[in-house]
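The values are calculated or read from the model by the stated rules, or taken from the named source; none is laboratory data. Computed from a predicted model, the values in this text were never measured in an experiment. Note: ideal-geometry Cβ built from the backbone for every residue, glycine included; neighbour counts use all protein chains shown.
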Amino acid sequence: MAEGGGGRGDGGDKVRDEFFSEAQELVDGLGRDLLALDDALKHGRTDVELVNDVFRAVHTLKGLSALFGVTRMAGLSHELEEVLDDLRLGRLEVTATLLDLLFRAVALYSRILAAEKGDGEEPSAEIEQLLLALGQTSQRPTGRGGGGVAQYDLDPALFGVLTEYEEHRLRSSIQQGLSLFRIRVRFSLATIDSALDELKASARPHGEIITYLPSGSGADVDTIELEILMAGRATVDVLRGAIAAPNVAIEEVRRRTASSSQPAGRPAEQLVSQAAPPLATSGAASSAPPAAPRQPPAVATRADAAEMSLRSVSQTVRVDIRKLDRLMTIVGELAIVKTAITRLSERARARAADPRELAMELQRLNRSFDRHLAQMQGGILEVRMVPLGQVFDKLARIVRQISRDLGKEVNLVVTGADTEIDKLIVEELSDPLMHMIRNAIDHAIEGRAERLRVGKPPVGTLALNAFQKGNHVVIGVEDDGAGMDPKGIVAAAIRRGIVTAQEAAELSPRDVLALVFMPGFTTRDVATDTSGRGVGLDVVKTNIAKLGGVVDIASDVGIGTKITVTLPITLAIINVLLVEIAGRLFAVPLASVDEAIQLDASQLRAVDSREVMTVRGASLPICRLDRLFGLAPSHGARKYVVIAQVGTRRLGFVVDEIVGQRDIVIKALGQSLKGVRGFAGATELGDQRVALVLDVAALVEEVLSPGEARFLGWQPAARGA
Amino acid sequence: MRRVLVVEDSVSARAFVRAVLEAPEFAARHGGVTVLEASCGFDAMRLLPRGPYDLIVTDINMADINGLELIHFIRKSAHHATTPLVIISSLRGEQDVDRGIALGANAYLGKPFTAEQLRETCERLLGESPPSGLAARPGEPAKSGSGS
């Protein structure tokens, strides 16, 4: 094997990172292609180009993983390649069962990559099972067929440059009785990629391009002539109409007549073997690890869902160079400001200028600096943004796998895939969304028979949609399944000791639904008795909360369930409200601040040993942060209430002073303070002061649902005044 | 100074080859090595007129123009008719390798190959041919161990 492959020995970590990034991209692309194949299959079609794309992806993965010493991946790719080769060479047909195997491979690839990066165990047993299944599927070559190629008036030299696959496509086209066309076209080398794409697009409806042969001597270095061999059912006139360009010549490749002077029937292989003998070969043509020994069929179990993660191993963001150019320009502007400040400080030191003039100049520079800094921030944020489609594509694979595993028919509808969010959030988001989707298909969407019985369309619908709302991204996961029965939820929660019967009686409908996010809650007794496997919704909620997001749930019995996740667009820079409590500064993320008002002592009430303030006729629970944090309360006459909103819950924080808004870079509190709840981090304010950043979601949780009193909290308006 | 053109659609495979050829010890033996990367056949065609090259390393299985077609094209051009050329490919079909050799490739390295194998092959091909002349300067230190 590629022992000591350059990934370690010669190239170092950077080259290896490049490998992870590219491998992950290939695996993601592979997943997308498989979904497209699956879709085509449902419509009774097989897309040969797509099959070839899949083959090429696996082929590249095999080469790469072997090069970088990831032997498990190379071995799996080797076996997959056999099967895919059979597929593209027409020895096997695309079936749903075969696609199952390929989808399993995609999932295993991701886990192998993660394991290589030191995240999790390598799924050895599952790889073995898949290798076995693949081994039983692949057909060994049965020899090439003649295919009647020799009847065509083709340049013998052509066969010298066809890969085995291209030759197969040529033979198979001829066997299907398709016509062959030769398209000669001249392109400018500078624009050939896009020009060729256009040509391909206009040719695609009429047939398949077999190969491209660059011709010409290379004397003219700016343009290139391509000879394209294409097979299709169209007539040459139709094709000429479709590919209308001034520099194109299209002709049909004629069949030879019997009296043709060329010796007909000479196989292509022979033509090639007359050429010069190999000068040198080193390395083995195929030294991938031997396939697993063929054993009697074993029932392959699917990867345990709970162990699976959709997170990609690559932390790379690919950036349009123009975005970086813009950033570079801003850096240039900042450098100019810096020079001006230097000059100014020299003048100030020399006392050469009027202080007032200096102050004005400084103010001007400050504004300019602010503007460029804001642009810089915006630019860097833009670079971090990736479309949610990246994670939606992976989820589509999961939907397919789960629905097939459970024998349920589910139609996935995705909208807003181009909504952008921070790359780091996307990575952390995939697993929680996967669990929600698993729950929806497993527990919510009914089987075909049941759906027909209750008068629903036989195929269930799962809708994933995303949109941006201010500084947030809202993601909805909605199903048209059975919905959640509040009585069932309450019964289950009581049985599991999450609430007492008495507590349950006081819960609002919304609080009842929120019970499904409690640790230890399981829907096993509520909805179906399916697997009961997988991660609870409490983990989903915790993970989303770690990203500064909130989860809301709405459900109607018999109609469906919608889970809404609201997330900040980025974690890197946040806009905060700076407040002062007992002489200390704290930052409240503005995203969760609804409004700030003056504290009106006359509107305060105590309800169930909790302070509540009446604001515009509704009661608002309030929290005195100085008490909560154990700080000496200040006795200033005037205090303020910062009203925070998390999902649909509101809480007022009493503060001494409102300092103002600020964009801050949030920093982690470090290892020793990791366990402290209520703070999202800290930030430096530039004047050597430090402010703690409140974790509003955690505080709201802590204050409104502390310990055993959870869900017994305050009810809107009903009990206030 | 030796100039090498690497044609390969995988970015990390290109990085691998570059790392091997630009490794200080190897590069020093050849008076320095400059690697030019092409990510597809068209890229390669755009870079070919910027030759001459002392060595061309190419993959076979690429979109649009495959490696065989590229070799065919390269060998037809007067400038590159004799430039040493290595195929790096994991195509299992021996037919493709045979065709590549028939078209004028000088060596074939099956993927996966080790850094050592790649180094040896390139060492041999570079050692067998004189520098392309573009960058050879009079005052350059004598090469040591070329062709070893």
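Things to note:
- Filtering segment A:331-343 for residues that are under 28 Å from residue A:18 (Cβ atoms), at pLDDT 85 or above and either surrounded by 12 or more Cβ atoms within 10 Å (Cβ to Cβ) or not assigned by TED's automatic domain parsing to the domain that holds residue A:420 (or both) leaves a non-empty set.
- For segment A:570-615, a residue qualifies if it is of a type in the set (Ser, Thr, Tyr) and surrounded by fewer than 16 Cβ atoms within 10 Å (Cβ to Cβ), and the qualifying residues are A:602, A:609.
- Of the residues examined, residue B:64 is not one that is crowded, with 24+ Cβ neighbours inside 10 Å and either under 24 Å from residue A:62 (Cα atoms) or more than 10 Å from chain A (Cβ to nearest Cβ) (or both).
- Subset of segment A:452-485 [more than 26 Å from the chain's Cα centre (by Cα), touching a residue at least 60 places away in the same chain (Cβ under 8 Å) and on the phi < 0 side of the Ramachandran plot]: A:454, A:482, A:484, A:485
- Taking segment A:62-95 as the range and being farther than 23 Å from residue A:117 by Cα, among the aliphatic types (A, V, I, L, M) and either part of a loop (DSSP other than H, G, I, E, B) or more than 27 Å from the chain's Cα centre (by Cα) (or both) as the test, the residues that pass are A:83, A:87, A:89, A:92, A:94.
So that you can scan it fast, the table gives a plain yes or no per residue for (1) in contact with a Phe, Trp or Tyr (Cβ under 8 Å, 6 or more places away or on another chain); (2) more than 17 Å from residue A:317 (Cβ to Cβ); (3) buried (at least 21 other Cβ atoms within 10 Å of the Cβ); (4) at pLDDT 85 or above:
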| site | (1), (2), (3), (4) |
| --- | --- |
| A:360 | no, yes, no, yes |
| A:367 | no, yes, no, yes |
| A:398 | no, yes, yes, no |
| A:401 | yes, yes, yes, no |
| A:409 | no, yes, no, yes |
| A:412 | no, yes, no, yes |
| A:433 | no, yes, yes, yes |
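- Filtered residues of segment A:25-48 (kept if in contact with a helix residue (DSSP H, G or I) (Cβ under 8 Å, 6 or more places away or on another chain) and within 11 Å of chain B (Cβ to nearest Cβ)): A:26
- Subset of segment B:14-44 (residues that are touching a Gly at 6+ places or on another chain (Cβ under 6 Å) and either more than 10 Å from chain A (Cβ to nearest Cβ) or outside any helix (DSSP H, G or I) (or both)): B:29
- Residue in segment B:115-128 that is surrounded by the fewest Cβ atoms within 10 Å (Cβ to Cβ), counting only those that are over 11 Å from the mean Cα position of the chain (by Cα) and free of Cβ contacts under 8 Å to residues at least 60 places away in the same chain: B:128
- Matching entry among A:471, A:439, A:465 (being at pLDDT 90 or above and of a type outside the set (D, E, K, R)): A:465
- Test set (1) in a helix (DSSP H, G or I); (2) touching a Ser or Thr at 6+ places or on another chain (Cβ under 7 Å) - residue A:404 fails condition number: (2)
- Checked against the criterion of being among the aliphatic types (A, V, I, L, M) and in contact with a Gly (Cβ under 7 Å, 6 or more places away or on another chain), the candidates A:665, A:659, A:654, A:641 yield just one match: A:641.
- Flag if residue A:592 is among the hydroxyl-bearing types (Ser, Thr, Tyr), over 25 Å from residue A:374 (Cα atoms) and outside the structural domain of residue A:469 (by TED's automatic domain parsing): no
- Out of B:88, B:74, one residue alone is part of a helix (DSSP H, G or I), at pLDDT 85 or above and either among the hydrophobic types (A, V, I, L, M, F, W, C) or within 24 Å of residue A:56 (Cα to Cα) (or both). It is B:74.
- Flag for residue B:88 being more than 8 Å from chain A (Cβ to nearest Cβ) and in contact with a helix residue (DSSP H, G or I) (Cβ under 8 Å, 6 or more places away or on another chain): yes
- Search result, residues across segment B:46-57 that are within 13 Å of chain A (Cβ to nearest Cβ), within 14 Å of the chain's Cα centre (by Cα) and without any contact (Cβ under 8 Å) to a residue 60 or more places away in the chain: B:47, B:48
- Cβ pairs under 7 Å, 6+ apart, first in segment A:176-197 and on the phi < 0 side of the Ramachandran plot and outside the structural domain of residue A:251 (by TED's automatic domain parsing), second surrounded by 15 or more Cβ atoms within 10 Å (Cβ to Cβ) and part of a loop (DSSP other than H, G, I, E, B): none
- Criterion applied to A:51, A:58 was being more than 11 Å from chain B (Cβ to nearest Cβ) and modelled with pLDDT of 85 or more, and the one residue passing it is A:51.
- Count - residues of segment A:436-462 that are surrounded by fewer than 22 Cβ atoms within 10 Å (Cβ to Cβ) and closer than 30 Å to residue A:318 by Cβ: 0
- Test: residue in segment A:76-85 that is within 13 Å of another protein chain (Cβ to nearest Cβ) and farther than 18 Å from residue A:132 by Cβ: yes
- Segment A:186-199: number of residues that are at the interface with another protein chain (Cβ under 9 Å from one of its Cβ atoms) and among the charged types (D, E, K, R): 1
- Filter result (surrounded by 21 or more Cβ atoms within 10 Å (Cβ to Cβ) and among the basic types (Lys, Arg)) within segment B:75-114: B:99, B:111
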